[in-house]
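For reference, the structure discussed in these notes is given below.
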Amino acid sequence: MIQLSERLLAMEESATIAMSRKSRELKAQGKDVISLSLGEPDFNTPQFIKDAATEAMDNNFTKYMPVPGYDDLRESISNKFKRDNNLNYDKDQIVVSTGAKQSIANVVLTLINPGDEVIIPAPFWVSYIEIVKVAGGIPILVNAGIDKDFKIDGKDLENAITAKTKLMIFSTPCNPTGSVYNRSELRDLADVIQKHPSLIVLCDEIYEHINFESKHESLAQFNDVYGQVVTVNGVSKAWAMTGWRLGYIGAPKAIANACSKVQGQFTSGTSSITQKAAIAAMNADPQILNDMISAFKSRRELVLDALAEMPGIKTNHPGGAFYVFPDCSAYFGKTNGSAMINNANDLCLYLLEEALVALVTGDAFGDPNCFRISYAASEETLKEAMHRIKAALSKLN
Ligand code: PMP
Ligand code: GLU
């Protein structure tokens, strides 16, 4: 008999991945499902990046590589941090991994002992909490509701810190809420962080470039907390490279060395071909992303306008990423005669069955009143999806 580890049994399947699997299965059965469940750009990887990969293969960059990444890639990431974020991370402070997901896992495994507390502002990205649990850490959720644009402030952070606090993990722009922390909001958090020198903060900036209203701000920009911050980023979102698998950190040297050590035992470096392709992305002018960003911006307007016409649905005004996280609690207790809606999970299942639109329940992101829409889809698809959602909601009384 196979006995799985307690560690594994305590872990939830990724809700984003589970929902996209479910919608793929329904599509395979011939159902016309619209999937707005996965946070994945619908654009193709730019040609110059693919060309760099071809060149890498032609030049036989197909062997084992240094665990934290090729030197020339880490140099170009170091330059990117300086150019885009005004952050000084030298090559030895940078570790390249198989996706930002692995970067986060490395940091958590590196820092967390069983029983250590990890502060996670909720709503949060699904994988943070499960990675913390695997490491034996205790997730301490700090709720930031829709009325606060789903963001926590210094006071909220201070109240959550105990003698056992080791780490905080958050994203800006945020998955699932699209909320963006501005400079003064980060400064407010930094004021608290610098008072607790043993607290490390993992700032996930993977949606950095998908920011519609402001300049991206990094937490590590403040000198008094720079030594306590790990900045996570990657190529999946901005460069439409989800399948290539490359993420990276800029971190204090001791953490970078430790992440490299963990990675050396688990996976080694990420694909040599991907690494060479990523150099092209890192060296490119981010201005070339403008067309993609304006496409995301018009889609955001389309989705927000459509949601505003649905009675009882409440949204914030997401400044970045490609998600909207509406509050649907006004529908709890309603029914169409057969399906009873008691929570966001029920509503997502109802919308999948009745409207054939796949979304992700807010439960998985730490807010059971909400659901997540990923608007990384064409305007035509989004219009149809919004039309179907509205029709299905109108049947609930
Ligand atoms: N952080 C956040 C906030 C994300 O949404 C994602 C989703 N992909 C990741 C990290 C992981 O990205 P990657 O594809 O680089 O593993
Ligand atoms: N991060 C994306 C999402 O939230 C991709 C799925 C995943 O990696 O979990 O949908």
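The values are calculated or read from the model by the stated rules, or taken from the named source; none is laboratory data. Nothing here was measured: the structure is a model prediction, and the numbers come from that model. Note that we place each Cβ from the backbone using ideal geometry, even for glycine, and neighbour counts take in every protein chain shown. For accessibility, only protein heavy atoms count, side chains too; no ligands or nucleic acids. Shrake-Rupley method; radii C 1.70, N 1.55, O 1.52, S 1.80 Å.
For region 84-94, the criterion of being of a type in the set (S, T, N, Q), part of a helix (DSSP H, G or I) and either at pLDDT below 95 or open to solvent by 90 Å² or more (accessible area, probe 1.4 Å) (or both) is met by none of the residues.
Among the residues examined, Ser214 does not qualify as under 19 Å from Leu87 (Cβ atoms), touching a strand residue (DSSP E or B) at 6+ places or on another chain (Cβ under 7 Å) and touching a residue at least 24 places away in the same chain (Cβ under 8 Å). Residues that are within 22 Å of Gly99 (Cβ to Cβ) and in contact with a Leu (Cβ under 7 Å, 6 or more places away or on another chain) were ranked within region 23-55; the one that is farthest from ligand 2 (Cβ to nearest atom) is Leu36.
Going by the conditions given, is Lys151 basic (Lys, Arg), closer than 25 Å to Phe266 by Cβ and touching a residue at least 12 places away in the same chain (Cβ under 8 Å)? Here the answer is no, as Lys151 does not meet what is asked. Scanning region 162-179 for residues that are over 24 Å from Ser14 (Cβ atoms) and crowded, with 18+ Cβ neighbours inside 10 Å gives a single hit, Thr165. Return the residue satisfying two criteria in turn: it lies in region 95-106 and is assigned to a helix (DSSP H, G or I) and closer than 16 Å to Lys261 by Cβ, and of such residues it is farthest from ligand 2 (Cβ to nearest atom). Once the filter is applied, the top-ranked residue is Asn106. Could you tell me whether any residue of region 33-43 is farther than 28 Å from Gln275 by Cα, away from ligand 1 (no atom under 16 Å from the Cβ) and either buried (at least 17 other Cβ atoms within 10 Å of the Cβ) or not polar (S, T, N, Q) (or both)? There is at least one residue in region 33-43 that is farther than 28 Å from Gln275 by Cα, away from ligand 1 (no atom under 16 Å from the Cβ) and either buried (at least 17 other Cβ atoms within 10 Å of the Cβ) or not polar (S, T, N, Q) (or both).
Matching residues to (1) within 24 Å of Glu301 (Cβ to Cβ); (2) β-branched (Val, Ile, Thr):
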site: Cys174; (1), (2): yes, no
site: Ser179; (1), (2): yes, no
site: Ser198; (1), (2): no, no
site: Leu219; (1), (2): no, no
site: Val225; (1), (2): no, yes
site: Val229; (1), (2): no, yes
site: Gly234; (1), (2): no, no
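When you scan region 78-98, do you find a residue that is within 15 Å of ligand 1 (Cβ to nearest atom) and under 30 Å from Asp363 (Cα atoms), even just one? For region 78-98, residues within 15 Å of ligand 1 (Cβ to nearest atom) and under 30 Å from Asp363 (Cα atoms): present. Close contacts from region 227-242, counting a first residue that is more than 15 Å from Pro173 (Cα to Cα) and outside any loop (DSSP other than H, G, I, E, B) and a second that is open to solvent by 10 Å² or more (accessible area, probe 1.4 Å) and away from ligand 2 (no atom under 13 Å from the Cβ), with Cβ to Cβ under 8 Å and a gap of 6+ residues or different chains, come to Val229/Ile200; Val230/Ile200; Val230/Pro252; Val230/Ile255. Scanning region 55-83 for residues that are hydroxyl-bearing (Ser, Thr, Tyr) and either open to solvent by 50 Å² or more (accessible area, probe 1.4 Å) or in a helix (DSSP H, G or I) (or both) yields Thr62, Tyr64, Ser76, Ser78.
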